[in-house]
Amino acid sequence: MRPPSVDALSRSLTDVDLPAPLLVEAARIAIANNDPESARTEALKLQRSLLGPAINATGVLLHTNLGRAPLEYRQQAQATNLEFDLATGDRGSRNNHAASLICKLTGAEAALVVNNCSAAVTLVLAALARDRSVAVSRGELVEIGGGFRVPDVMSESGAHLVEVGTTNRTRVADYQAACRLHDTALLLKVHPSNYRISGFTEEASVAELSALGTPVVADLGSGFIDEACQWLRDGKPSWLRDEPAAKQTLEAGAALVTFSCDKLFGGPQAGVIAGRADLVDACSKHPLMRAFRPGALVLSALQQTALAYLRRDGDSIPFWRMAQTPVAQLLARADALSVGHTVNTMSMTGGGSLPGEEIPSAGVQLDGDVSAGLRGAPIPVIARVRDQTTVVDLRTVHPDDDTLVAKAIVSVI
Ligand SMILES: *Cc1c(COP(=O)(O)O)cnc(C)c1O
């Protein structure tokens, strides 16, 4: 029998919600494989290769592969005052909206929003330390996931890295020596977000370094905004331990802080540079800023998140809503699923933050590794496999998705 034409085969797939060229591609692949029957499977495979929703049942709150902080955001197809000053009718700055709210939250004189924290650090170094030296502790020459290495960023930005101290112990005098021997533009403190050095250790604090006179830049990474945690019902949770916060780091004397907006800040992917107005201004005027600037979509989502903090409404920031859900509620939801065994679990923040810190949680445990089946659900459910069991952690699942999770589980057991 002659194989069907690509055209005929692709037309038999029109119930799959994909534009015609992609259905044609699926038909071509199936025919090339001498298996026209597989055209639908190929179309569905193509569909699932596109960006789409997933249910995070891993218990990792900021799962980098699942998009870090979840965020709900809608906008109309409408012009905005992105760079328009409504008072004067003149050109305004895209840095007047979300950035000014970040200043309120952190007490910073000025702030600048870029595409992510990597861009923030790169811009700070390029704008403030090109062809000059930057002192960094050997214990803080960090690699963040995805190949962001402090020494590499330093050389790309044109700043010279001066390593000070040792891996486990760095003192104020080490930074002082660097300032004496080199034309040192900045002292850079990098928060070791994804590892911990313990034992015989010593580090110089931001307060001590700030007293030396050279501007201190603290790359905080996580975007924990204020130790007071006024947006949380029960105040600062114990798992945050001594995570440095932007507000207190600036109060301690840092000239600038940099952080991600999609980690503990719970906003969209963006990065912030906040602190001294003259330094932020120099960053904003650097030619790289043009390449690093976010669009209105990101800035509006960031503004919405910042407003939620100012309203002290942690529950409207999905990350903090997940983080502060009481275990009793999670246990009740697990029971209500009526599938698998209700179990106590341990969640973690993830996203390269708070290494080793666990947050008590709950979910359901299923016998065997059924993770592939759960991933195959209409909205994929991503679970954790441990010792030949599959654990569905409900802390990271939105309560509205519980029904979908239950359905997915029923279909695999
Ligand atoms: C996560 C992190 C970065 C990189 O942030 P992105 O927003 O992912 O680019 C940089 N520095 C530190 C200390 C971090 O924790």
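The values are calculated or read from the model by the stated rules, or taken from the named source; none is laboratory data. Because the structure is a prediction, the values reported are computed rather than measured. Cβ: placed from backbone, ideal geometry, glycine included. Neighbour counts: every protein chain shown.
Assigned to a loop (DSSP other than H, G, I, E, B), within 23 Å of THR122 (Cα to Cα) and within 20 Å of the chain's Cα centre (by Cα), is that true of LEU232? Show your work before the answer.
Numbers: assigned to a loop (DSSP other than H, G, I, E, B): yes; within 23 Å of THR122 (Cα to Cα): no; within 20 Å of the chain's Cα centre (by Cα): yes.
Criteria not met by LEU232.
Among the residues of the stretch 273-294, the ones that are in a loop (DSSP other than H, G, I, E, B), in contact (Cβ under 8 Å) with a residue 12 or more places away in the chain and over 21 Å from ASP226 (Cα atoms) come to 3 in all. Within the set LEU101, LEU128, LEU86, LEU161, the sole residue that is closer than 26 Å to ALA277 by Cα and not assigned by TED's automatic domain parsing to the domain that holds CYS261 turns out to be LEU86.
With the structure loaded, tell me whether LEU50 is part of a loop (DSSP other than H, G, I, E, B), under 28 Å from ALA377 (Cβ atoms) and without any contact (Cβ under 8 Å) to a residue 40 or more places away in the chain or whether it fails that test.
Details: part of a loop (DSSP other than H, G, I, E, B): yes; under 28 Å from ALA377 (Cβ atoms): yes; without any contact (Cβ under 8 Å) to a residue 40 or more places away in the chain: yes.
When the stated conditions are applied, LEU50 passes them.
Taking the condition surrounded by fewer than 24 Cβ atoms within 10 Å (Cβ to Cβ) and among the charged types (D, E, K, R), does ASP262 pass? Let's see the steps before the verdict.
On the way: surrounded by fewer than 24 Cβ atoms within 10 Å (Cβ to Cβ): no; among the charged types (D, E, K, R): yes.
No.
Residues that are assigned to a loop (DSSP other than H, G, I, E, B), surrounded by 12 or more Cβ atoms within 10 Å (Cβ to Cβ) and either out of contact with any Lys or Arg (no Cβ under 7 Å at 6 or more places or on another chain) or aromatic (Phe, Trp, Tyr) (or both) within the stretch 72-84 comprise TYR73, THR80, ASN81, listed in sequence order. Restrict the check to the stretch 144-157 and report whether at least one residue is in contact (Cβ under 8 Å) with a residue 24 or more places away in the chain and over 18 Å from GLY271 (Cβ atoms). The answer is no, given that none of the residues of the stretch 144-157 is in contact (Cβ under 8 Å) with a residue 24 or more places away in the chain and over 18 Å from GLY271 (Cβ atoms). When you go through ALA69, ALA99, ALA57, ALA111 one by one, which is the residue that is closer than 27 Å to GLY146 by Cβ, crowded, with 18+ Cβ neighbours inside 10 Å, under 16 Å from the mean Cα position of the chain (by Cα) and of a type in the set (Gly, Ala, Ser)? Only one candidate passes the filter, namely ALA69. Determine whether VAL172 is touching a Leu at 6+ places or on another chain (Cβ under 9 Å), within 16 Å of the ligand (Cβ to nearest atom) and over 26 Å from SER347 (Cβ atoms). Taking the combined requirement at face value, the residue does not satisfy it.
Residue by residue, here is whether (1) within 13 Å of the ligand (Cβ to nearest atom); (2) outside any strand (DSSP E or B); (3) at pLDDT below 95 holds:
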| site | (1), (2), (3) |
| --- | --- |
| LEU112 | no, no, no |
| THR122 | yes, yes, no |
| ALA126 | no, yes, no |
| ASP131 | no, yes, no |
| ALA135 | no, no, no |
| MET154 | yes, yes, yes |
| THR166 | no, yes, yes |
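The set of residues in the stretch 363-379 that are within 26 Å of ASN194 (Cβ to Cβ) and surrounded by 18 or more Cβ atoms within 10 Å (Cβ to Cβ) comprises GLY363, SER371. Taking GLY352, is it farther than 17 Å from SER238 by Cβ, within 16 Å of the ligand (Cβ to nearest atom) and either in contact with a strand residue (DSSP E or B) (Cβ under 6 Å, 6 or more places away or on another chain) or aromatic (Phe, Trp, Tyr) (or both)? Here the answer is yes, as GLY352 does meet what is asked.
Yes/no matrix, rows are residues, columns are (1) on the phi > 0 side of the Ramachandran plot; (2) assigned by TED's automatic domain parsing to the domain that holds PRO399; (3) under 17 Å from the mean Cα position of the chain (by Cα):
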{"site": "CYS261", "(1), (2), (3)": "no, no, yes"}
{"site": "LEU264", "(1), (2), (3)": "no, no, yes"}
{"site": "ALA270", "(1), (2), (3)": "no, no, yes"}
{"site": "GLY275", "(1), (2), (3)": "yes, no, no"}
{"site": "LEU299", "(1), (2), (3)": "no, no, yes"}
{"site": "LEU330", "(1), (2), (3)": "no, yes, no"}
{"site": "ALA334", "(1), (2), (3)": "no, yes, no"}
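Among the residues of the stretch 224-247, those identified as surrounded by 14 or more Cβ atoms within 10 Å (Cβ to Cβ) and within 16 Å of the ligand (Cβ to nearest atom) are PHE224, ILE225, LEU240, GLU243, PRO244, ALA245, ALA246. Among the residues of the stretch 187-223, those identified as within 16 Å of the ligand (Cβ to nearest atom), under 18 Å from GLU251 (Cα atoms) and either part of a strand (DSSP E or B) or among the small types (Gly, Ala, Ser) (or both) are LEU187, LEU188, LYS189, VAL190, VAL216, VAL217, ALA218, ASP219, LEU220, GLY221, SER222, GLY223.
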